[in-house]
Structures are given as C-alpha cells and as structure tokens.
Amino acid sequence: MTPRRSSSPRAPPSNNISVKGLTRFHRARKRHVVTSQTEHKCVLDSCRHLKQEGFEVTCLPVRPNGLVHLDQLGAAIRPDTGPVSVMAVNNEIGVVQLLEEIGRICREKGVVFHTDAAQAIGKIPIDVEKMGIGLMSLSGHKIYGPKGVGAALYIRRRPRVWVERQMSGGGQERGIRSGTVPTPLAVGMGAACEIAEKEMEYDSRRISSLQERLLNGIRARLDGVVVNGSLEHRYPGNLNLSFAYVEGESLLMGLKEVAVSSGSACTSASLRALGVDEDMAHTSIRFGIGSKEESKLQVKEMTNNENVDSAGLEIMNFVSLPIFRFPTIPSLVKILDLNDFVLLLEVFLVNLSSS
Ligand SMILES: Cc1ncc(COP(=O)(O)O)c(C=O)c1O
C-alpha cells in the first residue's frame, strides 16, 4: 500500500478530515453520510457535527456478528451520499468488516469509501485498489511506530478524492492540513509499516494459534462463555468474551497476572449494536493477544503458549469461585456499586482462605 498523499495527524484527526472534510467539500451536491453504529467515537462524533450542520446521516445497524449488512448498505446509499465510512477492524470486538464487498458497492454507486484502519494496518492485508478505498485513516503507534504524530491519512489520487481542510493555516500538505510534519516521526511510522508488513503473515499465524488456544482452554473449563462478534471475520489479536454471571470489572480486578481490559464494556456501543444484552455486556472482557502494551508490562502479555495457558487457568480459578455460582450474586453485582462489591468479594475471599 503506497499512500498517494499523506498527512500527519493520528487516527481521530484523519477520521475528522475524511468524514467532515469530504462531506463539506461536496456540500453543494452531497448532503448525506453513511456510517455504522460500531464506528469509533471520532467518526460518530464527526457525523453528529455534520447532522447539526444540516447534513443527513444514516447510521447502519450491524448484524449480531458485528458485520455491516451489505444489502442495507447498498440500499442506504443515495445520489446525494458523500462518504461511506466503515471501519476495517473494530477496536472493541475485533471484527473485520467485508472491506472488498463494501468497496465494490461504493464503487458501483459512485461514492467514496472511507475506512478507519487504525486497528487494521500491519495486522491484516489491506489493498486499497482491491478494496476500493478512497480515504483511509491510520495510526502509527498501533504498530509500534512513534506515538503522537506518527500516523497518516491515505487519500486516493486517481480518481481524485477531494476533502475540505478542517484547520486554517499555512496550507501545508497541499492544503489538507496545516502544521509542519515532524519528519522523524513520519520516517518512524514508515519503518514501522515496513516491519509490520514483513512480519504480518508470521504474526497472524502465531496470534491465531494463541487465540485458539486461549479460547479452547477457557471453554474446556467453563460454561457460559460467549464470543462477542464473528469468530470467522475477526482479527485474532482481539478476543472479546462475555462470562455468564461474572461482572467484567470484577473479573478484570480479579485477574492480576494477565493483561486484559474491559474497555468501555458497560457502555460499549459496539456490544449494544450487536444486540448483546446488558448483563452479558457487563461481563465482557477484551483479551489483547500477541501484542505488548507499554503500560501493562508488569503483567503477563499473551504473547506465548505459557502465558495464554496461565491466563486460561487464572480466569477459570476466578470465575469458578463459589461466589459466582451463587444464584443471588449476579443480582448483588447489579445492586451494589462496584467498590462495595469488590469489598464484599475481598471479605469473602479472606473468609474462604481462612476456613
Ligand atoms: C478504530 C480506532 N480509530 C481511532 C482510534 C484513535 O486513534 P489514536 O490512537 O491515533 O488517537 C483508535 C484508538 O484506539 C481506534 O481503535
């Protein structure tokens, strides 16, 4: 993938330039934007701003597996549609959208396909030609590139995609974005892309096998484990699971040895869009597999079989605590505030260990 043009913002500014910039550039003829309910907040917020300016926005629901319904997408596109913005890999549930099919529909209908590929670049193959991508937002630090500025926006040159600049200034980057590009960071991101491309195939095999091992290990020991989002169309480094009867925050706090996150599980737009009920959404945990996050280096990253196995064991031990098998506990979790619940849990554990 060779960007025809690049700018230097991170993914949110790139998403803003793409969604708002393209829509506003064509404001005389295009009054409509299509996106999906599981987009990153910066895309959804950009759409909300456009709505306030009088543009129309169709925010497509997704299927229970997290994929955009292609027929609904095709039907939503109108003669006055500007961008269709659908993210490549979902940051909360890891679902990979059908990019080639979405690009084909956009091409047939003559609209620009923008994809937020912050979670996709360097992890899954992206071919802007085959996928009919007109605009693509990237983020350097997701592939161990420099933090802060090391990111880019791909803008197609043929056929040319036009965007209105969203920031006043000196007209750098051919008027797309003012501000001097920090060369070391741009070079750093280029190097990160190069390395990620070389390692993608090997990493993908390694991470898929770790994901399978983790999921099989957990499922072999526990019932009531639900994978949120499609398993088939998923970046394997993101496994989002719900555990019946266990509140995600409690599980998160109970797991001391492994790096997991509940993200914004209780308010997760993606999980809600999938139709996951509130109880199960509250028990959701996102396992980041195969990657190292600087802030979490004190805990075991799931980068090898040993760590994945011990993660499965730790989860099983925690979820199997009698407290979670007690039928009134789920209701307690709902009634009590989290701190009270954790306090109760600690008292219970102390009693359990001294009995
Ligand atoms: C899909 C997606 N878009 C945008 C962003 C924001 O990107 P940045 O980290 O460059 O601010 C993220 C961050 O996690 C993301 O996952």
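The values are calculated or read from the model by the stated rules, or taken from the named source; none is laboratory data. Remember, predicted model here, so these are calculated numbers, not experimental data. Here the Cβ is made from the backbone with ideal geometry for all residues, glycine too, and neighbour counts use every protein chain on show.
Odds and ends about this structure:
- Residue in region 152-161 that is of a type outside the set (F, W, Y), over 26 Å from I77 (Cβ atoms), crowded, with 23+ Cβ neighbours inside 10 Å and within 16 Å of the ligand (Cβ to nearest atom) present: yes
- The helices (runs of 4 or more DSSP H) found entirely in region 169-286 that carry 3 or more residues being closer than 22 Å to L99 by Cα and at pLDDT 90 or above are 183-221, 269-274.
- Filtering region 116-137 to residues that are polar (S, T, N, Q) and assigned to a loop (DSSP other than H, G, I, E, B) leaves only Q119.
- Taking region 287-311 as the range and being closer than 16 Å to S208 by Cβ and modelled with pLDDT under 80 as the test, the residues that pass are S291, M302.
- Flag if H141 is within 14 Å of the ligand (Cβ to nearest atom) and surrounded by fewer than 21 Cβ atoms within 10 Å (Cβ to Cβ): yes
- The number of residues in region 10-39 that are at pLDDT below 95 and surrounded by fewer than 24 Cβ atoms within 10 Å (Cβ to Cβ) comes to 4.
- Looking across region 15-68, the residues that are within 25 Å of V276 (Cβ to Cβ) and among the basic types (K, R) come down to K41, R48, R63.
- Considering residues of region 173-209 that are in contact (Cβ under 8 Å) with a residue 60 or more places away in the chain and among the basic types (K, R) only, the residue surrounded by the most Cβ atoms within 10 Å (Cβ to Cβ): R177
- Leading residue by the ranking (surrounded by the fewest Cβ atoms within 10 Å (Cβ to Cβ)) among those in region 50-98 that are at positive phi and in contact with a strand residue (DSSP E or B) (Cβ under 9 Å, 6 or more places away or on another chain): G66
- Exactly one residue out of D127, D116 is acidic (D, E) and surrounded by fewer than 24 Cβ atoms within 10 Å (Cβ to Cβ): that is D127.
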